[in-house]
Amino acid sequence: MSGIVKLTPDELHRATVLHDCKAGRLSNGQAAEELGLSIRQVKRLKHRVTQEGTKGLASKQRGQPGHHQLPPEVKPQARELLRTHYADFGPTLAQEKLVEVHHLKLSREVVRQLMIQEGLWKPHRAHTPVLHQLRERRARRGELVQVDGSPCEWFEDRAPACTLLVFIDDATGQLLELFFAAAETTHSYFQATERYLRQHGRPLAFYSDKLGVFRINHPHAESGDGTTQFARALYELEIELICANTPQAKGRVERANQTLQDRLVKELRLHEISTMAAANVYAPEFRADFNRRFAVVPRDPQDAHRALRPADDLNRILALRELRTLSKNLTLSYNNVVYQIQTARPSYALRHAQVEVRERWDGALAILYQGKPLTYTVYREAPRQAELIPSKLLNAELDTRLAAKQARKGHVPPEDHPWRKFQISNKSK
């Protein structure tokens, strides 16, 4: 019985058609059309049936190892790498690293099964999706850029937690800017926006949440002109600022944050990056790789970004700007510091004059009168009044103040320092 060869239904159908063709009931062309083969292939199969009989139509690969079967040493090597290097990675990211770093050609499903077998990955139960009304992507790159801050322990236990400012294009899903900062503040958004504008130009609109950086949320605010410093800067640059009413409305950047909190955290670990400065240097490399993997082609290939104009002085626009009135002694107070104006003109000419204070994100301060800078010195630091600090900025503000206090304390002599042994005698001579 060892000579019996089993044929599949497709092979049996092929044998029937070829026998009809050999008997003259079908032409070679009709047989080829019936089997979906070329006439040349039909002639080869007829010759094989003549030489070997019907069993010659059985696949020669039956019982042989598949052409795409992995070499026996690949899976054990992959298991070891998954345990030692990528234990907390997801299957997709782990598969990318095995292929790109270790040159092990494994599919994502094979890696997923290996991680399940090793206890490194638990299959997720499918959840009932929450349905939200879909919004079509914008047509052109730069028409709408979603902006958000993502606080996270980006450096795990190697450094304190910080915030990543994310700028993502709505039309393409490209990450256009990533910037690590201590917290979401006007200064940090000014710095990230300057990097963005110098690289890409001016988009048509930014789409953000209702953070106080973007929008005045106090319902009874009486002072000021009704806009934030960041909104004022965008107005001067002719960039529209739109605030989303719910997190789901800006879902593209919210989903990007989730992806970044998985992928970017692990990439920073693999690259041994533990500071915000080093992370900001690495960010363009990560953005390029991310965009290569996940960005899509826009419906309209035209870029909506506009070049910066000669009048767009970012040093002037991307700065905090506040008005102050000089005292009769030509002093003013800003951020609990009293500044003394130095001038060669008669002092009465500037008494009670209104000046503009501009503070850059890098700390540079300028005081201007009628558009021209004034020379000044720091007179004294004013007593600090209790401040209103948003809860999202509280930790970063406390860390900054503690670091400043430690710096002011200076060097503390050790316990065995001779200075501690010195005693003043009370005996009179």
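Every number in this text was worked out from the coordinates using simple rules, so none of it is lab data. Computed from a predicted structure; not experimentally measured. FYI the Cβ positions are ideal-geometry reconstructions off the backbone, even for glycines, and counts take in every protein chain you see.
So the values come out like this:
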item: Residue among LEU120, SER107, VAL74 farthest towards the positive dipole end of segment 50-151, charges placed on Cβ; result: SER107
item: Residue (of VAL145, ALA159, THR185) at the positive-pole extreme of segment 112-261, dipole from beta-carbon charges; result: VAL145
item: 0 to 90° range, to nearest 10: angle between helix 39-52 axis and the chain longest Cα axis; result: 50 degrees
item: Positive-end extreme of charge dipole, segment 246-332 - chosen from GLN261, PRO310, SER327 (charges on Cβ); result: SER327
item: Among LEU314, LEU176, LEU37, residue whose mean-square fluctuation peaks in a GNM of the chain (springs only between Cα atoms under 10 Å); result: LEU37
item: Of the GluC sites (Glu not before Pro) in segment 86-184, those whose Cβ has at most 13 other Cβ within 10 Å and which sit in DSSP loop; result: GLU136, GLU153
item: The chain - charge dipole about Cα centre, Lys and Arg +1 at Cβ, Asp and Glu -1, debye rounded to 20; result: 640 debye
item: Dipole magnitude of segment 259-331 about its Cα centre (Cβ charges: Lys, Arg +1; Asp, Glu -1), debye to nearest 20; result: 280 debye
item: Difference of contour (0.36 nm per residue) and Cα-Cα distance, GLU156 to ALA364; result: 71.7 nm
item: Whether segment 178-276 is rounded, prolate or oblate, judged on the alpha carbon gyration tensor where a/c under 1.5 counts as rounded; result: prolate
item: Antiparallel content of DSSP bridges confined to the chain, in %, to 5; result: 85 percent
item: Tilt relative to the chain, helix 9-22 - C-alpha long axis, 0 to 90 degrees, to 10; result: 40 degrees
item: Shape category assigned to segment 9-57 from the gyration tensor of Cα positions, a/c cut at 1.5; result: rounded
item: If the convex hull is drawn through the Cα atoms of the chain, its volume per residue in Å³; result: 308 Å³
item: Within a Gaussian network of the chain (alpha carbon springs, distance under 10 Å), most fluctuating of GLU73, GLU285, GLU240; result: GLU73
item: In segment 309-360, trypsin sites (Lys or Arg not before Pro) in a DSSP loop with at most 14 other beta-carbon atoms within 10 Å; result: LYS328, ARG351
item: Cα gyration tensor shape of segment 26-148, rounded if a/c is under 1.5, else prolate or oblate by comparing a/b with b/c; result: oblate
item: Label-point gap, in nm, between LYS46 and LEU308 - each point 7 angstrom along Cα→Cβ; result: 7.7 nm
